Structures are given as structure tokens and as C-alpha cells.
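The values are calculated or read from the model by the stated rules, or taken from the named source; none is laboratory data. Keep in mind that this is a model prediction, so the values were computed, not measured. Please note: Cβ atoms are built from the backbone with ideal geometry, for glycine as well, and neighbour counts cover all protein chains shown.
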Amino acid sequence: MSNIYDSSARTNYFKELTTNLWDQRDLISLLVKRDLAVRYKRSVLGLLWTLINPLLTSLILWMVFVHIFKARLADGSQFAPYVLAGVLLMTFFNQAFMQASESIASGMGILQKVYVRPHVFAFAAAISNSVNFILGLFALVVVTIMVGEGISLFAPLTVLVILCMLSLTIGLSLMTSILFIRFNDSKNIIVLILQLLFYLTPVFYPKDILNETVRLIVSLNPLSSYLDIFRFVFASTGKATLFDWVYMFSTSTIVLLLGLTIFKRSWSKTVVMM
Amino acid sequence: MTNPVIEVQNVDLEYVIRHGRATSLKEAAISAMKGINLDITVSALTDISFTVERGEVLAIIGHNGAGKSSLLKLIARVLPPTSGVVKVSGSVAPMLELGAGFNTELSGEENILLFGVLLGNRTTAMRAKVGEIAEWAGLTEQIKLPLRTYSTGMVARLGFAVAAFQRSDVLIVDEILGVGDAEFREKSKARMKDLIAGGEATILVSHDLNTVESLATKVLWLDHGKQVMLGGTMEVLDAYRKA
């Protein structure tokens, strides 16, 4: 017999999960396509619509900081691509994280009827947001060239930032999805934390305007490292230190493993509660 | 000696019911600080044991809340048992009311694809089957329309059709023979008999004792999560009717 289910069997969780995700690749790709189709079909402007939000946010931040606060970057590079890069990466983080967290809660109807690993919903939600991010990169290329700067030769390394971001957001969302299912007010608290994180990441300010203490706090925020690396590899803006690289790879790996472990422990308790 | 297709040994299932008020983090934090535990543990199933051999059709009967659906969920791997062992050899097709899990914004066709793939099929295999499934459910004309334009009966028919076109070793049927009009019911009953004949083993839940009598080879009678009787169809049904 091909597949035998034994509820008492002790299996290697991570190995089983990897096999399972591979077996479910059709499901994941179908969920991603569905997600993208729903998003782009519903608006008249389609694809452009998803870019309008980060572009407008960047435009506002750019006007406020360049024309009102007269902000300048230390190395003399332009502010517009700097802000847009920050907004795009933070949008990726926020939306991948929130949608992956919600995907498991909203998939409960299916999960209570059909045996499928809940993880696939989180993976699919995060992946579909990485597609949005990649589309946003085209806008970033346009803006960068418009202000007279160039794209770095290392731009393809952005794929590493994307992979780490996927791993980070999936790991985090596995932890919060349990909260989302159990407590209906947990979303408000998470939204507040995300807002705080946005200000603690150098999205619209250069790190060197901060005093020592604040700069340390901002540097300890892992997202700062992701953003520094992204800006550096994409358009050679600012610099990415060895610490940034180590911090990015380690946080993404640790958070994913932690998320999987916590999820494994709480899921069977949660699904029985429904 | 061959192993049974389904083996359930001394299975208990406990549900934790969250007290109405503890659905928010704020309340949960307050009650945690006060040391109040608002969770109530309820025993849904106690000490259930049975086996289903190759070719057998087991019917589970009992009143509402007897634990029939919980037991099906254990076998479908949706819920893990609190204690005891559940063993199933082969692929499991749950014929639960799939219609309830459908996405109303997607078209009938997209829902067929999604659920077919959820049940373990490849996308290409499902794409080839969409037309056949739609035709069987009598929905060929509407299949490209979003599900929110369908009537309740149409959604139920689609749900049955998706499940009925799934080839699996173990079939789990939860009260879905009552879907649609008389004509469709006859059609689905015939299809069900085909599936039962083609599969390894079947577990069936129904309130309709006539259905049980015509399909089952043995019956498990549950009451309030406890196993009252397990035996031949007529033997258990007679006892059940007298009770």
C-alpha cells in the first residue's frame, strides 16, 4: 500500500514537511495563481493598481522629507529611489506576513474537511506577495534611472533578500496564525507592532541622522539589515556590512524553524478547539 | 493474514471548548492574571475500537452529538486522537459537505480544480476532468460563472460531484446522499454504489436507516461519544430501532 497513516507513528517532522510541500507543489502554485488573479482581475487598472499604493506612499514621504525637512543622504545619492526601495520592501514584509497569517485562519473551512498541511496556505500567500514585490522592482528601476542613477551589477542578488524575506514572513506568520485563529482582537495588536517596525526601519530616513541609542535600536531590527542589503545590491546605495548578511541569513532561518516548531505544537490543540 | 484497511484502537478525543468570553486576547490575559481557566474540556469520543476490513462498508449511527462526525474527522486525518491509535492504509477521500468549503468568488471550474488538487490530484489531471464533472453535476452552462450566482442546490451538487469523481482506497461519506432533487439523489446513490464497489473500504454516516440497511455490511452505534454496539447490520439496526 502506497500511503499508510498511523496516528501513533513518530515521524521526522521537518523531513515529512519538506516532502509534503513538494507533493503539494500543484496546490501551492494554484493558490498563488488564484491569489494573483483575484488581485489583478478585480481592479480596472489591474497590475498598475498594486503599484499605485507604494508609489504614492513613496511620493508623499519623498515630498515631506526632501522639500519640508530638507533631508539629504550622506553619500549624496538621490532620495527618491532610496524611499521607494524602503517602501517596496516594507510592503512586501507587511503584506506577506499579514496575508500568510490570515490565510490559515481563513482556510479553516477547508482544513476541517480535507487533510492538507496548513503550511501550504502560508507558503502560497507569502509567495504571491513576492511576485508583487518583483513587479514593484520594475517601478524602482524606472525611478532610479529617472533620477540619473544606475542599477548595480549585483541586482540579481536581490533574489537572496526575497528568499530570506519569504522564510522570515512564513516563520512569523506560523506563530501569529494561531493567535489569529484563537483571538479575534490579536490582529489589532499585530498591526500596531507592524507600524512600530516601519518607523524602526530606515525606510524614509538615513541612519546617520539618528543618535547613538536610537541607531543601535534601529540596527538591531533585522529588517534594517534586509533593507541595507537590498539597497546595496540593487543600486549600490549605502552599504551592507558583514553583520547585515549574517543577521539576515540567521534571522530568516531561526524564525522559520521557530515558527514551524511552535506551529506544530499548537496546531493540534487549536484544530480540536474549533 | 492481511491487515485491516482501517484500524481504530481505544481512541479518545477531547475537545476544548473556549468559554464564550475568552475569544479576545485582552480577556484571555485578564483571566490568566486572575488565574481563571475558562476552557472546558469535553469528551467527544471515549474508548472507540473497531476495524474495517477490505471490502467492508461500516455505517456509523447515533443521535446528533453522538460523535459521528468527529470520528470521521479522525479517520480523514483532520483531527489527531487525544489518545489511542488510528491507522489507515491507502488514500482517503472525504465525501463531507465540500460545498461549504468552496470559494464563492471563484467560478465552478476553479473550485473543481482547487478541491481536486486539495484532494491530492495533479492540476493537469483535474483540468482534463473538469468538463466531465460539470456535466455530471448538470452545471455545464454555469461552470465559468462565480459560485455566488449558484443556488444552494447547485453548490451541493457540485460538491458531491467533485468528491464522487475522486478515486480513493478509503471512502468517507457524511450524510451527503440527501443532496439535490429526487433524480439527482438516485444518480448519486448509484454513483456511490460504484465507488463503494471500486474502493477498498467505506465508512458511512447517515440518519437514514434505509440507506444504512442497503449499503452497510456492519454498523457501529455511538451514543454520547461511547460505543454502544458494533456488529452485523441487521443485528445493530434492530437493537437501535428498539431503543
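Taking the criterion of being modelled with pLDDT of 90 or more and surrounded by 15 or more Cβ atoms within 10 Å (Cβ to Cβ), the residues of segment B:36-52 that qualify are B:Leu45, B:Thr46, B:Ile48, B:Phe50, B:Thr51, B:Val52.
In the set B:Glu141, B:Glu132, B:Glu105, B:Glu186, only one residue is loosely packed, with under 15 Cβ neighbours inside 10 Å and in contact with a Leu (Cβ under 8 Å, 6 or more places away or on another chain); that residue is B:Glu105.
For the residues A:Ile189, A:Ile193, A:Ile217, A:Ile229, the requirement of being surrounded by 15 or more Cβ atoms within 10 Å (Cβ to Cβ), among the aliphatic types (A, V, I, L, M) and under 21 Å from the mean Cα position of the chain (by Cα) singles out A:Ile229. Taking segment A:140-161 as the region of interest, how many residues are hydroxyl-bearing (Ser, Thr, Tyr) and surrounded by fewer than 15 Cβ atoms within 10 Å (Cβ to Cβ)? Number satisfying all stated conditions: 0. Test B:Arg122 against the stated conditions and say whether it is out of contact with any helix residue (DSSP H, G or I) (no Cβ under 7 Å at 6 or more places or on another chain) and farther than 18 Å from B:Leu195 by Cβ. In short, no. Being touching a residue at least 40 places away in the same chain (Cβ under 8 Å), more than 16 Å from A:Ala100 (Cβ to Cβ) and among the basic types (Lys, Arg) is not true of A:Arg215. Scanning segment B:140-183 for residues that are modelled with pLDDT of 85 or more, out of contact with any Gly (no Cβ under 9 Å at 6 or more places or on another chain) and not hydrophobic (A, V, I, L, M, F, W, C) yields a count of 4. All of A:Ala100, A:Ala96, A:Ala85 fail the test of being small (Gly, Ala, Ser), within 17 Å of A:Arg231 (Cβ to Cβ) and in contact (Cβ under 8 Å) with a residue 40 or more places away in the chain, apart from A:Ala85. When the strands (runs of 3 or more DSSP E) confined to segment B:50-158 are screened for residues that are facing another protein chain (nearest Cβ under 8 Å), those reaching at least 2 such residues are found at B:83-89, B:92-95. Going through (1) at pLDDT below 75; (2) more than 20 Å from B:Val173 (Cα to Cα) one by one, B:Met95 falls short only on (2). So in segment A:73-113, with the set limited to residues that are of a type outside the set (S, T, N, Q) and part of a loop (DSSP other than H, G, I, E, B), which one is farthest from the other protein chains (Cβ to nearest Cβ)? Here the answer is A:Gly76.
Restrict the check to segment B:127-148 and report whether at least one residue is touching a residue at least 40 places away in the same chain (Cβ under 8 Å) and aliphatic (A, V, I, L, M). Within segment B:127-148, one or more residues are touching a residue at least 40 places away in the same chain (Cβ under 8 Å) and aliphatic (A, V, I, L, M).
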